[in-house]
Structures are given as structure tokens and as C-alpha cells.
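To keep things clear, I will list the structure first and then write my remarks on it.
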Amino acid sequence: MRWLFIGDVVGDSGVTYVRDVLPRLVERLRPDLVVANGENATAGRGLRRRAAEQLYDAGVEFITLGNHTFDQKETETFIEGDARIVRPANYPEGTPGRGFTVCRVKQRDVLIISVMGRTYLSSLDCPFRTVDTILARYPQVRHVLIDFHAETTSEKQAFAWYVAGRVSAVIGTHTHVLTADERVLPGGTAYITDAGMTGPRDGVIGIQREAVIRKFLTQMPVKFGVAPGARQLCGVWMDVDDDTGRALHVERVQINEAETGSGG
Ligand SMILES: [Fe+2]
Ligand SMILES: [Fe+2]
């Protein structure tokens, strides 16, 4: 089976670009499962129901989140009732929403887990042990996709090696820059340090560059907005053995919008 994962979707820019290019990408790759990280889909901060619905309409089947999960007030209520949305599993006990979900793909159970690193991020529970606990609950599930949302390359690599051979894929998110290190680790675990960002290409990781530059120059509080202009889609797709759940192949994907056109 083939899985497609779309890197952090930023604002209307990212949501509309998914809508514009995902049908063609699906036609080309024919994925059996489409997952997107939606933690920045609403104005760059969090995910409101409207943005989630737009992503579903565009062809996204499941949405993972990250450190921006609760930036929008309405998220904590609507994600309770939507099993297609997965927020980091290592938030404290009692946090709204779910940290993993099980879906059916080609008559197999696929476990989708979101988990967040702790280096330069909030002090959540240990992501390594959190995933151990989840995997122990589903010993019969062989197909496991993990969105590891983390800041540092070292934490992402360490986590990937920690679960190598036990899960089908570890897809890094959060840094918004697509990395060139995708590979299948020994034991059949597809890995990439970061699936990149879907949204405005000419900002600073999706944000208006003037505001970010001002922030670095002055160290004063600055209001950040989603950058205008040409868009991009970044992500990664992988082939996973139907029976064993081992990854067979992984490949990054990037589509750039022409400066003046609306296509990809
Ligand atoms: Fe993000
Ligand atoms: Fe993030």
C-alpha cells in the first residue's frame, strides 16, 4: 500500500494549494492513504473546523497536529468528536482529543500516531515511552505511521532509530523545511527528518518575512501573519508491504507554484 504525507499546511495559502494540486498528485501517485499535518492550517496557528473540512474536501483523510494544536479556542471542543484528527499523544492525561487513531486501508488496520519531541518545545511526557505504551496496546497492528513533531534533527533521528523495525514510518514535522535524508531504516521503517511545509514559499517558514526579520532585528514582540505569494507543497510518500507493514520505499515530494500561475 502507498501512503502520502503532506508537510505542515500553513494558512489559507497552504489549504488552497492542497486543494489545487492534491488531485493531480493523487492521480500520479495513487496513494491508499493521505495524511497531512494541519497544525498551522488556520492563519498559521492551529486548526479550526473550517480548515479541517477544507482539507478533507481536498482529499486529505487524516490530520496530525503539533505544538500549535490548541492555539485556536474551538479546537479543544471539535477535535473530541473527530477521529480523523490526531494531536500529540504525549500531552498530559485528560487533554482533549486523541493521540492516535486506527483506520482501515486495504483491509488492514493502520495505526496513525502523533507525538511531539521535547527539545526546545513544551515539557510533555516522554515521546519515546509514550509510543512504547501505544504500540503495546496494539501488538497485532503491523502498519504504523508516526508523525514525530520536533525541533531538533538529533531528537528525530534518535526517535527513528528507537522505533526502527517496530513501525512502518517515522515522518518528522515542525521545522517546515523538507529534508533530503529520506531512507528506509533497517527493519523496514521509512524515515525523513522533516516533511517540509505546504504554503507560501517566500516567507520565513510560512510567515511574512518582513515581520520575522523585524523580530530578529529588534527582539520586540511582532505580530506574525502568513506570507503572501507563490505557494509550494512538500511531503513524502512511501510504499509499505501489505502483509508485513515494512516500508519498501520512501521518497520526498515538492511541488512549486509558478510565480504568476495557479498551477503546480
Ligand atoms: Fe508547523
Ligand atoms: Fe510545530
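Leu111: net charge of surrounding residues, Cβ under 13 Å, Lys/Arg +1, Asp/Glu -1, itself excluded?
Its environment carries a net charge of +4.
How big is the dipole moment of the chain about its Cα centre under a simple scheme where the beta carbon of each Lys and Arg is +1, that of each Asp and Glu is -1, and everything else is neutral? Debye, nearest 20, please.
120 debye
Per the helix-only calculation at 222 nm, which mean residue ellipticity applies to the chain, given -39500 (n - 2.57) for every DSSP H run of n ≥ 4 and division by its residues, nearest 500 deg cm²/dmol?
Computed ellipticity for the chain at 222 nm equals -7500 deg cm²/dmol.
State in Å² the accessible area per residue of the range 180-230; use a 1.4 Å probe, count heavy atoms of protein chains only, and round to the nearest integer.
Dividing the accessible area of the range 180-230 by its residue count gives 52 Å².
Full extension from Ala164 to Arg50: what is 0.36 nm times the residue separation minus their Cα-Cα distance, to one decimal in nm?
Here the answer is 37.4 nm.
By average Cβ neighbour count within 10 Å, what is the ranking of 115-123, 128-136 from highest down?
So the peptides 115-123, 128-136, ranked by packing, come out 115-123, 128-136.
Can you grab the distance from the C-alpha centre of the range 71-99 to the C-alpha centre of the range 189-247, Å, no decimals?
22 Å
Give me the angle, in degrees from 0 to 90, between the Cα long axis of helix 209-218 and the longest principal axis of the Cα atoms of the chain, rounded to the nearest 10.
Roughly 80 degrees, rounded to the nearest 10.
How long are the semi-axes of the equivalent ellipsoid of the range 2-256, defined as square roots of 5 times the Cα gyration tensor eigenvalues? Whole Å, largest first.
27, 20, 18
Between the helical axis of 153-163 and the dominant principal axis of the chain, each derived from Cα atoms, what acute angle in degrees is found, rounded to the nearest 10?
20 degrees
P(r) of the range 105-264 in 5 Å steps, Cα pairs, percent per bin?
Over the range 105-264, the share of Cα pairs per 5 Å bin runs 2, 9, 15, 17, 17, 14, 11, 8, 5, 2, 0, 0 percent.
Full extension from Arg129 to Arg108: what is 0.36 nm times the residue separation minus their Cα-Cα distance, to one decimal in nm?
Working it through step by step, the gained length comes to 5.0 nm.
By how many degrees, between 0 and 90 and to the nearest 10, does the Cα long axis of helix 11-29 differ from the longest principal axis of the chain?
The two axes meet at around 50 degrees.
The values are calculated or read from the model by the stated rules, or taken from the named source; none is laboratory data. All values derive from a computational prediction rather than experimental measurement. Neighbour counts run over all protein chains shown; Cβ positions are idealised from the backbone, glycine included. All accessible areas refer to the heavy atoms of the entire protein, side chains included, with ligands and DNA or RNA removed. Shrake-Rupley method; radii C 1.70, N 1.55, O 1.52, S 1.80 Å.
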